[in-house]
Each structure stands twice: as C-alpha cells, then as structure tokens.
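Undergrad: Dumping the structure here so I can ask a few things about it.
The values are calculated or read from the model by the stated rules, or taken from the named source; none is laboratory data. Note that the coordinates shown come from a computational prediction; the quantities given were computed from them, not determined experimentally. Every residue, glycine among them, receives a Cβ derived from its backbone with ideal geometry; neighbour counts consider all protein chains shown. Note: areas computed on protein heavy atoms with side chains; ligands, DNA, RNA excluded. Shrake-Rupley method; radii C 1.70, N 1.55, O 1.52, S 1.80 Å.
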Amino acid sequence: MNQNKNTKNKNTASLLKVMRFAKPYRSRFVWVIVFSVALSIFAALRPYLLKHTVNSYLMGKNMDGLMLFVSIMGVTLLVEVASQFYFVYWANWLGQDIVKDIRERLYNHITHFRMKFFDNEAVGRLVTRTVFDIESIAKIFSQGLFMIISDMLKMIVILGFMYWINWKLTTIVLIAMPVLVIATRIFQKKMKGAFEEVRAQVANLNTFVQERVTGMKIVQLFNREEIEYEKFKVINKKHNDAWQKNILYNSIFFPIADIISSLTLGFVIWYGGIDIVGGGDLTTPGDLFAYIMYIPMLFNPLRQIADKFNEMQMGIVASDRVFELLEIEELTQKEGTTEAWHFKGELDFKDVRFSYIEGEEVIRGINLTAKAGQTIAIVGATGAGKSTIINLLNRFYEIDSGTITIDGTNIDEFTLPSLRRQIAIVLQDVFLFADTILNNITLNNPEISREQVIAAAKAIGVHHFISSLPGGYDYNVKERGVMLSSGQRQLIAFLRAYVSDPSILILDEATSSIDTHSEEMIRVATEAITKGRTSIVIAHRLATIVNADTIIVMDKGKIVEEGSHYQLINKNEGYYKNLYYSQFATETEDNTQN
C-alpha cells in the first residue's frame, strides 16, 4: 500500500517537473485544452443528431428534414475533424518544444560536469538519456496526458448524452464499465514494470554497442569478434525478453477489452430490441442507432487510456532518468566570477594535494612555480601524476587542498570558459570530429577566419601538408580523424592550439607517437607555438625537454628533482639521470645516427 502511494507521489512529482517546462507555452497549452473540449462535444453530438434523424425524419419519411439533419451532421463532422487536427497538431508541437528545452538544459548541464562524472558514467547511457529518454518525454504530451484528458472529457460528455437519451440502456453500459476499468488498471501496473525493464535494457544495449563500435580495432586485433558476439547475444536476449513481456500484456488486454465492449453492445441491442418489438416506449430505433455509435466511442477511449497511460508512464520513467541527471549538483563545476583576459603566464602551485578516489592521493603536496614565458618540462614514470597536474590547472578536477594561481589569482576565481580560453592543450591522443580540417581547427569559432588559419598554418610550417590533401582545408577527416595518420592528426592539434592564441600552452606527451616524417614538422611547430608564452611540456622525447628552462621530475605524486637538463644530468645518482639513460639514451643514439 505504502509502496503504491510512494509510486504515485513520485510519478506526480516527476510530471510536475516536466510541466514546469510548459510555462513558456501557456497560451498553446490553453488552446490544446480548448480543442480537446470542442472535440469531445462535437464527437458526442453526431450520434445524438443521428438519433433525431432516424426518429423524426427517417421513420417519418420527411425528406426535407432528413436532408437538413444530414447536412448538419456533415458540418458537425467537419468541425470534429478540424478540432481533432488542431488538437493533435498543437499537442505534438507543444511536446516537441518542451523536450527541445529539456534536451538543451540536459546537454548544457552535462557539459558542466566535472571529469569525475565521466570517469564513472558510460557514454552509451548518457546518449540514451539525451536522445531516447527525452523523446519518450514528448509522448507525455503527444500520446499521454492530453490524449487522456481528451478521452476522459469525451467519455464524460458521451455518458451525459447517453443518460439524456435512455437511462436504462446507459445503466447496462455502466454495469460493464467497472470490469474494463479493473482490467485496465491491472494492465497499467504490469506495463509500467515492463517499460522500466525495457528502458534499462535499451541503455545497456546502447552502451555495449557504442563501446564495441568505438573499440572495433581492438576487437578485431585480438580476435574478439566471436566472444563479443556471444556477449551481445546475451544482452540482446535480455532486451528481447523485456519487449516480450510488453507484447504479452498487450496481447492479453486488448482482446479482453474488445470482448467486454462487444458483449455490452450485444446486451444493449437485445434489451432495446425486445422493448421496441414488445411495443414499449422506453426505446426507439434512433436510440439503438445512437448507442451502436456511442458504445464503441465510450469503450475505445477507456481501452486506449491504458495504452496512453503506458505511453505517459514511459515518458515519466524516462523523465525520472533525465531529471536524475539534471538534479546532480555536487558534480557540477563551481564557477568563479572573474573574467580571465590575457595572462602573463606566471604559474604557482602551493602544497597542492589531489585524489581521484578519496583517501588515495595521487598528487602529494606539489609546489611548482613557472615564470611568464618559461617552458617547464615534467617527466616521470607512468602514474607519477604528470597529466594530473594538467587536469588540475584546467580545473577538470577540483583539488583537495592547496592553491593554484595564475598571475597571482586563484584559478577558482576565474569563470571556467574564460580560464580555458587562455589555456591550450595538445594531447597525445588527438580527437578530431567527422568534419573538415578547417572546422576541426577553429571548432566552428566564428571569430577565427580561414585567412587566420592559413596564416597560422604557414607560421608553424603545416600549410604545405594541409594543402596537399584533397580539398585542402575542406578535407573531411571522417570520424575521429581516421583519414589522417597519427602524426598528421598531431599537426592539426598543434594548429588548433596555435590559432586560439593561448596565454599558456600545454603539450601532454604530444610528440610521443609521431612518425619520422612528421617529427621535423612537429619540432618546427613546437618552437613556433611555444615562443613567447608559458609552456608546460610532458614528454618522452628528448628534443622537447633538453631546452626547457626547468625540468620537473615526479615520482609517486611528488616532485623529487628540479632543475635544467644539464644540472640534472650531472647530478650523481639522480632520478632524472637514471631516467635519462634508461628511457632517452636509445633515442639520443638514433638521433645521432640519423
């Protein structure tokens, strides 16, 4: 009992949350209700007119009156059709505008989550929430709420007309209605559980497919096709089973509803026919004609209300999932109030501590200073915390304690967009969109013109490479840039960072996977892009760090050494010296031979 009450309260709360988004469309909402009322009245009026036509003009053989009422019935039908059209059109229009607003709100909310959220959330589930679940919310208006209101109004008006025409025949109809209402209620409860299971399995299926398609190269490289296929079959079977429940409940309910409706109609005709044949005055032929129309008009909405309740229930279940994301506030990034303009580039980390998982620090009391225009290199073994420092500087994650300042101002005080506009990153794993090279460089920023991009490409020495591609700057690199080599993607990333004119540049192992042909272009691009701006370089390649003003050596989340390349290489039993000879000596020999 309490569980049912809690479920009702939860559904009501979810529906009210959705309805808040209808406030900007109040006038349209009112018109939907107006057309719903008009539809109910004119739908119920036709059988009533038919009753009068049969009793007064057809039985009386009054041709003039017959033609008049047939014309009136035709006009009534046209008005009903017009009301139906505007009701359906405006209801769907309202629903689509509401889900547009919700989708925009959700997308904007997701883009402001901390990276910690994306570390723990499957991409497929987010796609399901943003696309499929929100489309289901539209059904609350197009197939659910308004349709239910319209059907309920229609049933009330029809019952009013039926009682007015013949209360005894209407009593027969009302005796049968509770049976259908009970069957509808049972069907609704069963379908709610089935729909929840369907949505869960759809999310699982989307997640699985998205991950495997994205990682198809790994699947094929390690001969995982059959294994992943078997996994897919299991997930797909669960998805199929969830839908089978849905199909089963529909297959049971609708025949039962049809039987109840047909039996009721049969009893009405039997009872009314006996009254007419027996010479009674309670029933007329016109009454029977009207009831033959009224009973399906009364029972069909009642039968369909269950289906429409399910559509609305599906939308409410989907809205629960969407609002669950919208109501997550602790994972959204805190905004500062200060606009960050062009930085000098003075960086200062003071006793910075950070942990991805509470109690497991990966950055342990870092103190790091970079003067404006300096190039700072950070080296260390995998897992030492090098890339984490970059994530903290960009505020992808919030530090546990300590302070990070730029030009003496705590980075928490800056608005996130303005802070990140002043910091450009070139990553090892370059992400390119399925778009032209030009759009991948500008990221559709209208303030960066084609001419600026070409000038920047010439300045860092990549114009010739881009011009040699079919279509040049308009060459479509396809999804994730698969049409380019890793070195070419890296060059695009360098140019993307350069045209944004950042105050601070970060190269996060940006040269670790380039080919020999691209290496010289990368070297030229690096010199051009780092000139005159504060740069942080995390790298494995010797050429990118030997000329750095300061090299920071990290191990297990701490800075263990700091100095220039020559200071560190001459340090006895130094960490950097050992790292240099173990990781970089081979590269030095290769460069010497070349």
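Undergrad: What's the Kirkwood radius of segment 415-484 in Å, using all Cα pairs?
TA: Result for segment 415-484, one decimal place: 13.2 Å.
Undergrad: On average, how much area does the Cα convex hull of segment 178-324 cover when viewed from any direction, in nm²?
TA: Over every viewing direction, the Cα hull of segment 178-324 projects on average to 12.3 nm².
Undergrad: Ok, one more. Could you work out how far the C-alpha centroid of segment 283-311 sits from that of segment 359-432, in angstrom?
TA: Segment 283-311 and segment 359-432 have Cα centres separated by 68 Å.
Undergrad: If you wrap a convex hull around the C-alpha atoms of segment 377-507 and split its volume per residue, what is the figure in Å³?
TA: Measuring per residue, one finds 136 Å³ for the Cα hull of segment 377-507.
Undergrad: With every protein chain kept in place and ligands, DNA and RNA left out, what is the accessible area per residue of the chain? Probe 1.4 Å, answer in Å². Let's see the in-between values first.
TA: Numbers: 30290 Å² over 594 residues.
Per residue, the chain has an accessible area of 51 Å².
Undergrad: So what's Rg/Rh here for segment 179-240, counting alpha carbon atoms and using the Kirkwood radius for Rh?
TA: That ratio is 1.28, to two decimals.
Undergrad: On to the next question. Pop a pseudo-label 7 angstrom from the Cα along the beta-carbon direction at both residue 23 and residue 258 and give the gap in nm to one decimal.
TA: 4.7 nm
Undergrad: If you stretched the chain out fully between residue 292 and residue 16, how much longer would it get, using 0.36 nm times the residue separation minus the C-alpha to C-alpha distance?
TA: 95.5 nm
Undergrad: About the Cα centre of the chain, what is the dipole size in debye to 20, counting +1 per Lys and Arg Cβ and -1 per Asp and Glu Cβ, all else neutral?
TA: 2000 debye
Undergrad: Using a 7 Å offset from the Cα along the Cα-to-Cβ direction at both residue 168 and residue 524, what is the distance between the two label points in nm, to one decimal?
TA: 10.3 nm
Undergrad: How big is the antiparallel share of DSSP beta bridges in the chain, given as a percent to the nearest 5?
TA: Antiparallel bridges make up about 50 percent of those DSSP assigns within the chain.
Undergrad: Remind me, what semi-axes does segment 92-244 give for its equivalent ellipsoid, largest first in whole Å, using sqrt of 5 times each Cα gyration tensor eigenvalue? Intermediate values should be presented prior to the final figure.
TA: On the way: eigenvalues 419, 97, 22 Å².
After diagonalising the Cα gyration tensor, the semi-axes are 46, 22, 10 Å.
Undergrad: What does the C-alpha gyration tensor say about the overall shape of segment 328-402? Classify as rounded when a/c is under 1.5, otherwise prolate if a/b is larger than b/c, or oblate.
TA: Here segment 328-402 falls in the oblate category.
Undergrad: Hey, another quick one. Over all distinct Cα pairs, what is the inverse of the mean 1/r for segment 362-410, reported as the Kirkwood hydrodynamic radius in Å?
TA: Result for segment 362-410 stands at 12.1 Å.
Undergrad: Quick one: grab Rg to one decimal and Dmax as a whole number for segment 15-159, Cα atoms only, in Å.
TA: Cα-based Rg and Dmax for segment 15-159 come out at 22.9, 82 Å.
Undergrad: Let me ask something else. Give the calculated FRET efficiency between residue 122 and residue 369 to the nearest 0.05, with a Förster radius of 41 Å applied to their Cβ-Cβ distance.
TA: Rounded to the nearest 0.05, the efficiency is 0.55.
Undergrad: For the chain, what is the relative contact order in percent, using Cα pairs closer than 8 Å and at least 6 residues apart in sequence?
TA: Worked out over the chain, it gives 14 percent.
Undergrad: Mind ranking 395-401, 31-37 by how tightly packed they are, going by the mean number of other C-beta atoms within 10 angstrom, highest first?
TA: Descending packing order for the listed peptides: 31-37, 395-401.
Undergrad: Plugging the Kirkwood radius over Cα pairs into Stokes-Einstein for segment 383-423, at a temperature of 10 °C and a viscosity of 1.306 mPa s, what D comes out in µm²/s?
TA: The estimated diffusion coefficient comes to 147 µm²/s.
Undergrad: Sticking with this structure for a sec: I need the trypsin sites (Lys or Arg not before Pro) found in segment 184-242, filtered to DSSP loop residues with at most 15 other beta carbons within 10 Å of theirs.
TA: Answer by residue number: 224.
Undergrad: What is the extension gain from residue 225 to residue 135, computed as 0.36 nm multiplied by their sequence separation minus the C-alpha to C-alpha distance, in nm to one decimal? Can you show the working numbers first?
TA: Values: separation 90, 0.36 × 90 = 32.40 nm, distance 3.26 nm.
Between residue 225 and residue 135, full extension yields 29.1 nm more.
Undergrad: Also: Go from 0 up to the bin containing the longest alpha carbon distance in the chain, width 10 Å each, and give me the % of pairs per bin.
TA: Here the calculated profile for the chain is 3, 12, 17, 18, 14, 11, 9, 7, 5, 3, 1, 0, 0.
Undergrad: Could you tell me which of the pairs 23/100; 139/308; 344/531; 100/334; 154/308 are separated by over 20 angstrom between their Cα atoms in the structure shown?
TA: With Cα atoms farther than 20 Å apart: 100/334.
Undergrad: In vacuum, with every alpha carbon of segment 389-451 counted as one equal point scatterer, what does the Debye formula give for log10 I(q)/I(0) at q = 0.12, 0.17, 0.21, 0.27 Å⁻¹? Two decimals, please.
TA: Log10 of I(q)/I(0), two decimals: -0.43, -0.76, -0.95, -1.21.
Undergrad: Stretched out fully, how many nm does the piece from residue 350 to residue 77 gain, at 0.36 nm a residue minus the Cα gap?
TA: 90.4 nm
Undergrad: Sort 191, 63, 73 from largest to smallest accessible area, using a 1.4 Å probe on the heavy atoms of the protein chains.
TA: Listed by decreasing accessible area, they come as 63, 73, 191.
Undergrad: Cα gyration tensor of segment 314-463, axes a ≥ b ≥ c as square roots of the eigenvalues: rounded (a/c below 1.5), prolate (a/b > b/c) or oblate? Walk me through the numbers before you get to the answer.
TA: Values: a/c = 1.68, a/b = 1.06, b/c = 1.59.
Oblate.
Undergrad: Given the alpha-carbon gyration tensor of segment 23-87, what are the semi-axes of its equivalent ellipsoid in whole angstrom, ordered largest first, with each equal to the square root of 5 times an eigenvalue?
TA: Semi-axis lengths for segment 23-87 are 34, 9, 6 Å.
Undergrad: Also: At a Förster radius of 51 Å, what calculated FRET efficiency corresponds to the Cβ-Cβ distance of residue 474 and residue 572, to the nearest 0.05?
TA: Numbers: r = 57 Å, r/R0 = 1.11.
Using R0 = 51 Å, I get an efficiency of 0.35.
Undergrad: Label-point separation (nm) for residue 111 and residue 433, each offset 7 Å from Cα along Cα-to-Cβ?
TA: 0.9 nm
Undergrad: So if we plug the beta-carbon distance of residue 400 and residue 335 into 1/(1 + (r/R0)^6) with R0 = 22 Å, what FRET efficiency do we get, rounded to 0.05?
TA: The pair residue 400/residue 335 has a calculated efficiency of 0.65.
Undergrad: Taking segment 78-132, how much of its Cα-Cα pair set, in percent, is spaced more than 15 angstrom apart? Intermediate results must be reported in sequence, preceding the final value.
TA: On the way: 925 of 1485 pairs.
Summing the P(r) tail past 15 Å for segment 78-132 gives 62 percent.
Undergrad: In whole angstrom, how far apart do the alpha carbon centroids of segment 144-161 and segment 188-214 sit?
TA: 33 Å
Undergrad: Quick check on segment 110-192: take the gyration tensor over C-alpha atoms, sort the square-rooted eigenvalues as a ≥ b ≥ c, and tell me if it's rounded (a/c under 1.5), prolate or oblate.
TA: prolate
Undergrad: Enter the Cα centre distance for the pair segment 70-88 and segment 452-473, rounded to the nearest angstrom.
TA: 64 Å
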